[in-house]
Structure formats: C-alpha cells, structure tokens
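Everything on this sheet refers to the single structure shown next.
The values are calculated or read from the model by the stated rules, or taken from the named source; none is laboratory data. A quick note: this is a predicted structure, and the numbers were derived from the prediction, not measured. Don't worry about glycine lacking a Cβ; one is built from the backbone with ideal geometry, like all the others, and counts go over all protein chains shown.
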Amino acid sequence: MKKITQLCIAILFVANAFAQINNPKSEIKNPKGFNQKSYNLLMSKRLKKSTKQRDSLYSMAVYFDKDTTERGMRLRYLESMISDMTTQLAELEIKHKDLKIDYAEMNKRYTDLIKSSLSKTEQLNLALKQKEEILLAREKRLAELESLIRKQDSITKELNDIMKKALLSFTSDELTVEMKNGKVYVSLSDKLLFKSGSADVEEKGMEALKKLAEVLNKNTDVDVLIEGHTDNVPIKTAQFQDNWDLSTARATNIVRLLNETHKVNAKRLTAAGRGQFMPKGDNATAEGRAKNRRTEIILSPKLDELFKLIKP
C-alpha cells in the first residue's frame, strides 16, 4: 500500500520534471508581441494539462491507497478467520481421533456382547432342549402309568364282578364284596366263619373260603391280605390274651386253609391281626359291634410294572 502511494508521487514528480525540461522557462510576465503571447498561451495550456494530470494521478493515488487499506483490513480479517478455523480444525481432529478410539472400543464391546449373547442363546436352547426331552420322557412315563392304572382298574373291576358271582349264594349279612382304592374287599362276618371267642373256621365259612380260593387260583396275579377284626369287648382266655391275639389267630388260620387245603401260593398270602383298632361300626351298639367282628380278605392286582415305572 505504501509502495503504491510512493509510486504515484514519483509519477507526479517525473511529470513535473519533464514539463520543466521541455519548458525551462516560466510564463512571461507582461508579454510583448505575438510570440510571447503565443508562448504564454501554450504554457498556460500545458500548465492546465499538467495540473489536470497531477490531480488525476493524485486521485488515483488516494483511491489506490484507500482500496489497499480496505483490502489489507479484509486480508487481516481473512487471516484471523483462517487462524481460528485452523485452531478449530486441530481441535476437531483431536476429537475425531478420540471418537475413533471410542468407536473401536464400543465396536469391540458390541462384538463381544453379540458373541456372549449367541453363546447364552445356544446354552438356553440346549437347556430348553434338555427340558423338552425330560418333559417328553415324563409325559411318556405318565401315559404308561395311566395305561397301567386303567389296566389295574379294569382287572380290579373284573375281579370284583367274578368274586361277587362266586359268592352270590351268601347273604349280605354274611359277607359283602366291594371295590375301593383299586382293590377288592371281601368282608366275611364272624358268624359265617367263627364261633364267639374261637379261631376255628366253621363249615359254612369253609365253603365260602373254597369258592374264594377257586377264584384266586384262576387269577394268579392277585396278592391276598387277610385281616382279622374284633369289637372292643375285652377277651381273655387260656388260648387268647386279648382281642388282638384273637384277630391275629383267625387271620393266620384262614391263610393256612387257603394255602394248605386249597393250594393258594403262600407267597401271595399275608395275615394281619387288627383287633378292635379299625372299627367299621359303632361299638356302642350291638349292630355296630356285629359289623366290627369280621375278617376282611383284600385282593390287590400285582403292581410290579407300575412300581418299575414309579422308581426313579
């Protein structure tokens, strides 16, 4: 900017010097004659022209000086902006570098999470598959159990019907046949089997046991439990110490008859004396005590297959 100003001043100086070289003399004061007047006129025109050129050059110098100042201001403004932007760029590059590091770390975590998730999913699928297999096995086992139970119920019902037909000739106060809890209960009163206070089976009782044995020998997959029951009236004889002793002796004698006389397999037979401890009626009445004096023959279809399934 200073150089341009100096250039303009130099141009003015050169122009003025050039005018002085071409016209060493100044304007003639009080000109005389045509030549002097012509000279002054020529000098006047040159002076005006030089003045005009000087003024024009000066204006151009001022303009260029002003224009250069504004450009300098703009240049400094742009340089300031460039400096700021360079600083911002450096900061952004640092942030970008940090973000790349964060992204790499997050990407690694995401990849590890995906792998872990897949691993857990595989484990869950395996556990579900195992549970499904266990459930299917249990369902199969349950189906088999239900099938065996239905089979047992069918056998028990059939046995109950056969036993009722076999003992049809006996009255309801002598014996009853009923099915409960998956078993057949043949309840024989003491007046059918025994005399009071005795464990010896009477003739009519023998007939009932014979018919019962015939059914048992035809249905070999049935276990037999003989239970002796009494009322609560105390008994004490030379042969029996109490009702419990009497009930046990009666059950044992029936077991021996079934095995020794009627050839029912001894492995199927069990004798038990219950005494007065499992009453069927009220011992406070004669009718109730009569119900309590009984022998129950409990028939149970063998459950070997069922027990195999129940065992873990």
**Prompt:** Right, LYS66: surrounded by 10 or more Cβ atoms within 10 Å (Cβ to Cβ) and either touching a Pro at 6+ places or on another chain (Cβ under 8 Å) or modelled with pLDDT of 70 or more (or both) or not?
**Reply:** no
**Asked** Looking at PHE170, PHE194, which is the one that is among the aromatic types (Phe, Trp, Tyr), over 60 Å from the mean Cα position of the chain (by Cα) and either farther than 20 Å from ARG274 by Cβ or exposed (fewer than 14 other Cβ atoms within 10 Å of the Cβ) (or both)?
**Response** PHE170
**Complete:** Just one listed residue, out of ARG274, ARG250, is buried (at least 18 other Cβ atoms within 10 Å of the Cβ), among the basic types (Lys, Arg), at negative phi and within 56 Å of the chain's Cα centre (by Cα), and it is ARG274
**Request:** For residues that are in contact with a Leu (Cβ under 9 Å, 6 or more places away or on another chain) and among the charged types (D, E, K, R), tally how many sit in segment 259-276.
**Result:** 1
**Prompt:** Of everything in segment 217-234 that's of a type in the set (A, V, I, L, M) and within 24 Å of GLU203 (Cα to Cα), which residue is surrounded by the fewest Cβ atoms within 10 Å (Cβ to Cβ)?
**Reply:** LEU225
